[in-house]
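A.B. asks: First the structure, then my questions, so here it is.
Readers should treat all values here as calculations from the given coordinates under stated rules, not as data from a laboratory. Everything numeric here is computed off the predicted structure, so don't read it as measured data. Cβ placement follows ideal geometry from the backbone for every residue including glycine, while neighbour counts extend to all protein chains displayed.
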Amino acid sequence: MTIKFCGAAREVTGSCHLITLDSGFSILLDCGLYQGYDHAFEGFNRKWLFDPAKLSCLILSHAHIDHTGRVPKLVKDGFTGKIHSTHATRSLSNLMLLDSAMIQEREAQYENHDKGRDDKQEEDGALYTTQDVKATMDLFTSYSYEQWFRIHDQVEVLFRDAGHILGSANVTLRIQENGETKMLGFTGDIGRPNRPILRDPQPMPEVDFLISESTYGDREHDSAPEETERFIQIINDTCVERKGKLIIPAFSLGRTQEIVYILDKLASAGRLPHIPVYVDSPLAVNATMVFGAHPECFDEELTTYLLTDNDPFGFNGLHYIQKVEDSKALAEGHVPCIIISASGMINAGRIKHHVFNEVDKEKNTILIVGYCSPETPCGRLREHADHIRLFGQNKQVLAKIEVMDSFSAHGDRMEMLDFLQNQKKSAKRVFLVHGDYKVQQSFSELLMKYGFAQVDIPTLGEEVKL
């Protein structure tokens, strides 16, 4: 059996790992889109380190685009096997991939128009179309948590709740090979304990070999009470005292719903100032509806909260925006408000327009609530750049920039260590993926200090025999 690391190797996006048994049966763990501007990864999304037509099956840990965003491209290039996921991941993947395809189609049309071409399928056009997504969804088979299911004579799979986003799972493979049983685990993205909406991450069974994410392997997040108080402070400072706009770049799936739920609880408690709150993202609106359709993923706190508030994602003063003209009117307005919009890295979507309009005004605040690739506009703001480039223009940064990593759906170093504790006696090797190299080095040292036998940080394309 071999593992080949085909994405998210010493990098945070583009999750993709290939398991090949000695019999030739092959399993792809995730098939994510690279989201960033590093020239070393130019062309990554169009190329494969394996033949899609020869791949046996695909297992998805969750629906975020950096874990699913190339699946239609995989199908377009010849993959015909089954796609295995949880029920909620299947529902959300349909939304996420259709949105991704429509964005690519629009960008291809604009680009081809500029170059005088009519064919949007040119080499520098869309990776895939909405038709490719429809063909992709026909290949999905979904399962509940805590249920072993067989994908091959030699392989059984178990999904456990990863507590990262709705439907997220860690993946355990029970493999029969050469008369032996080998256990291989893939953490997917490790969620956080005691977070709103979702249940806590559930540890995997003990495994022999482990592929683990490491996004925040060098830092710790704020606790929940500190987070809420700081959030209220930022809202009051921006919207009440400075009469400005609080702009929150947030991924449509997971982060937006968590922020809205926290605002809902503050509103119910009478602690939210009387200012309008806007969720300006059609995808976020649709994703929120999917959340409501999967209460089996909710934690006990939200289940109890539903007894007193039957809509945890809606309160007086909250407005969901879908129409383009309404988004433009919001961008042109001058009333103090909170605007939550995608994408979280400010590299696509309506958030680019809001930041473009508001980043050069001192009364405003841009609140960063998650990971940003360093090369993206969000990454530049996170590093306190004096200027950022949007829509071909350099914009001076005069707005206040705040960062709250505590909103992250990724566990911090100690939360990940706690999640992995039950693996240190059984795991012969741990492979760290989905993290910047310096962060991975720090997390590797922590794991070794706490008793893990061998921790590797694979490079892109590296193949390891187990």
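A.B. asks: Expressed as a rounded percentage, what relative contact order does segment 1-115 have, with Cα pairs under 8 Å and six or more residues apart? Spell out each step's value before the answer.
C.D. replies: Numbers: 178 pairs, mean separation 23.7, N = 115.
The normalised contact order for segment 1-115 reaches 21 percent.
A.B. asks: About the Cα centre of the chain, what is the dipole size in debye to 20, counting +1 per Lys and Arg Cβ and -1 per Asp and Glu Cβ, all else neutral? Don't jump to the answer; show the numbers that get you there.
C.D. replies: On the way: 49 positive and 67 negative charges, 49 e Å.
Here the size comes out at about 240 debye.
A.B. asks: Jot down the per residue volume, in cubic angstrom and as a whole number, of the convex hull over the alpha-carbon atoms of segment 139-244. Don't jump to the answer; show the numbers that get you there.
C.D. replies: Details: hull volume 16.1 nm³, N = 106.
Per-residue hull volume (Cα only) is 151 Å³.
A.B. asks: Per-residue HN-Hα couplings for segment 173-183, Karplus 6.51 cos²θ - 1.76 cosθ + 1.60 at θ = phi - 60°, whole Hz, x for Gly and Pro?
C.D. replies: Residue by residue, segment 173-183 yields 10, 9, 10, 9, 8, 6, x, 10, 9, 10, 10 Hz.
A.B. asks: With viscosity set to 1.002 mPa s and temperature to 20 °C, compute the Stokes-Einstein D of segment 284-441, Rh being the Kirkwood radius across alpha carbon pairs; µm²/s, no decimals.
C.D. replies: Estimated diffusion coefficient is 113 µm²/s.
A.B. asks: Next up: So what are the ³J(HN,Hα) numbers for segment 127-144, from phi and the Karplus equation (6.51, -1.76, 1.60; θ = phi - 60°), rounded to whole Hz, Gly and Pro as x?
C.D. replies: 5, 7, 10, 5, 5, 5, 5, 4, 5, 5, 5, 5, 8, 6, 10, 10, 9, 7
A.B. asks: For the chain, find the longest principal axis of its Cα atoms and tell me its angle to the long axis of helix 224-235, 0 to 90°, nearest 10.
C.D. replies: 30
A.B. asks: Which aspartates and glutamates have a Cα less than 20 Å from the Cα of LYS425, not counting those fewer than 8 places away in the same chain?
C.D. replies: GLU180, GLU206, ASP208, GLU213, GLU415, GLU445, ASP456
A.B. asks: Can I ask one more? For segment 412-456, build the convex hull from the C-alpha positions and give me its volume per residue in Å³. Numbers along the way, then the final one.
C.D. replies: Values: hull volume 2.9 nm³, N = 45.
Each residue corresponds to 65 Å³ of Cα convex hull volume.
A.B. asks: Would you work out the charge dipole size for segment 357-466 about its Cα centre, treating the Cβ of every Lys and Arg as +1 and the Cβ of every Asp and Glu as -1, and quote it to the nearest 20 debye? Don't skip to the end; give the middle numbers.
C.D. replies: On the way: 15 positive and 16 negative charges, 56 e Å.
That gives a dipole near 260 debye.
A.B. asks: Still on this structure, please answer the following. Given the options CYS337, SER281, GLY244, identify the residue whose Cα lies farthest towards the positive end of the charge dipole of segment 244-385 (+1 on Cβ of Lys, Arg; -1 on Cβ of Asp, Glu).
C.D. replies: GLY244
A.B. asks: Set the Förster radius R0 to 25 Å, insert the Cβ-Cβ distance between ASP311 and GLU146 as r into 1/(1 + (r/R0)^6), and round the FRET efficiency to 0.05. Before the final figure, lay out each step's value.
C.D. replies: Values: r = 29 Å, r/R0 = 1.16.
Plugging the Cβ-Cβ distance into 1/(1 + (r/R0)^6) gives 0.30.
A.B. asks: Amide H neighbours of GLU177 under 5 Å, counting only residues 5+ apart in sequence or on other chains, H built in-plane at 1.01 Å?
C.D. replies: LYS182
A.B. asks: Right, here's the next one. Scale the Cα Rg of the chain by the rule-of-thumb value 2.2 N^0.38 Å and send over the ratio, two decimals.
C.D. replies: Details: Rg = 21.8 Å, N = 466, 2.2 N^0.38 = 22.7 Å.
This ratio for the chain stands at 0.96.
A.B. asks: Still on this structure, I have one more. Just to confirm my understanding: which cysteines in the chain have no other cysteine beta carbon less than 4.7 Å from their beta carbon?
C.D. replies: That list is CYS31, CYS57, CYS239, CYS297, CYS337.
A.B. asks: Determine the gain in length on full extension of the stretch LYS428-ASP360; use 0.36 nm per residue of separation and subtract their C-alpha separation, reporting nm with one decimal. Write down the numbers at each step before the final one.
C.D. replies: Numbers: separation 68, 0.36 × 68 = 24.48 nm, distance 5.24 nm.
Full extension of this stretch gives 19.2 nm more.
A.B. asks: Place the peptides 192-200, 212-220, 367-375, 270-278 in order of packing, highest mean first, counting for every residue the other Cβ atoms within 10 Å and averaging per peptide.
C.D. replies: Values: 192-200: 19.3, 212-220: 23.0, 367-375: 21.0, 270-278: 15.9.
Put in order of decreasing packing, that is 212-220, 367-375, 192-200, 270-278.
A.B. asks: How high is the relative contact order of the chain, in percent, with contacts defined as C-alpha pairs under 8 Å that are six or more residues apart?
C.D. replies: Numbers: 1005 pairs, mean separation 86.8, N = 466.
Dividing the mean separation by the residue count of the chain yields 19 percent.
A.B. asks: Can you list residues from other chains, or at least 5 along the same chain, whose modelled amide H is less than 5 Å from the amide H of VAL455?
C.D. replies: For VAL455, whose amide H was placed from the backbone, the distant partners under 5 Å are VAL430.
A.B. asks: Still on this model: Want the number for GLU300 to ASP38: 0.36 nm per residue separation, take away the alpha-carbon distance, what's left? Mind dumping the intermediate values first?
C.D. replies: On the way: separation 262, 0.36 × 262 = 94.32 nm, distance 4.14 nm.
Answer, rounded to one decimal: 90.2 nm.
A.B. asks: Still on this structure, I have one more. Could you run the Karplus curve 6.51 cos²θ - 1.76 cosθ + 1.60 with θ = phi - 60° over segment 339-354 and give me ³J(HN,Hα) per residue in whole Hz, x for Gly and Pro?
C.D. replies: Those phi angles translate into 10, 10, 8, 9, 8, x, 9, 6, 10, 6, x, 5, 4, 4, 5, 5 Hz.
A.B. asks: For segment 355-466, count all C-alpha to C-alpha pairs, find those more than 26 Å apart, and express that count as a whole percent of the total. Walk me through the intermediate numbers first.
C.D. replies: Numbers: 2513 of 6216 pairs.
For segment 355-466, the share of Cα pairs beyond 26 Å comes to 40 percent.
A.B. asks: Over segment 186-338, what is the relative contact order in whole percent, taking alpha-carbon pairs under 8 Å and six or more residues apart?
C.D. replies: Working: 145 pairs, mean separation 49.3, N = 153.
Relative CO of segment 186-338 lands at 32 percent.
A.B. asks: Sticking to Cα atoms, compute the Rg of segment 36-93 to one decimal and its Dmax as the biggest Cα-Cα distance, whole number, in Å.
C.D. replies: Just the Cα atoms of segment 36-93 yield Rg and Dmax of 12.4, 36 Å.
A.B. asks: Among GLY435, LEU92, LEU460, whose Cα lies farthest out toward the positive end of the dipole of the chain, if unit charges sit on the beta carbon of Lys, Arg (+1) and Asp, Glu (-1)?
C.D. replies: Positive-most Cα among the choices belongs to LEU460.
A.B. asks: Also, I was wondering about something else. Based solely on C-alpha atoms, express the radius of gyration and the Dmax of segment 205-334 in angstrom.
C.D. replies: In Å, with Rg to one decimal and Dmax whole: 17.3, 58.
A.B. asks: For segment 355-444, build the charge dipole from Cβ charges (+1 Lys, Arg; -1 Asp, Glu) around the Cα centre, then report which of GLY392, CYS378, ALA409 sits farthest towards its positive end.
C.D. replies: Result: ALA409.
A.B. asks: Given Cβ point charges of +1 (Lys, Arg) and -1 (Asp, Glu) and nothing else, what value in debye, to the nearest 20, does the dipole of segment 156-269 about its Cα centre take? Don't skip to the answer; put the middle values down first.
C.D. replies: On the way: 13 positive and 19 negative charges, 111 e Å.
The dipole magnitude comes to about 540 debye.
A.B. asks: Still on this structure: Where a Cα-Cα gap under 27 Å defines reach, which lysines qualify for LYS73, not counting those fewer than 8 residues away within the same chain?
C.D. replies: Cross-link targets: LYS4, LYS47, LYS54, LYS82, LYS115, LYS120, LYS134, LYS352.
A.B. asks: Count charges around LEU58 for me, please; just the other residues with Cβ under 9 Å from its Cβ, Lys/Arg as +1, Asp/Glu as -1. Write out the running numbers ahead of the final one.
C.D. replies: Working: positive: LYS82; negative: ASP30.
Once all neighbours under 9 Å are counted, the net charge is 0.
A.B. asks: Rounded to the nearest 500, what is the 222 nm mean residue ellipticity of the chain from helices alone, with -39500 (n - 2.57) per DSSP H run of 4+ residues and division by all residues? Provide the component values of the computation, followed by the final result.
C.D. replies: Values: 13 runs with 133 residues, N = 466.
Computed mean residue ellipticity for the chain: -8500 deg cm²/dmol.
A.B. asks: How far is helix 255-268 tilted off the main Cα axis of the chain, in degrees rounded to 10, range 0 to 90?
C.D. replies: That helix lies at roughly 50 degrees to the long axis.
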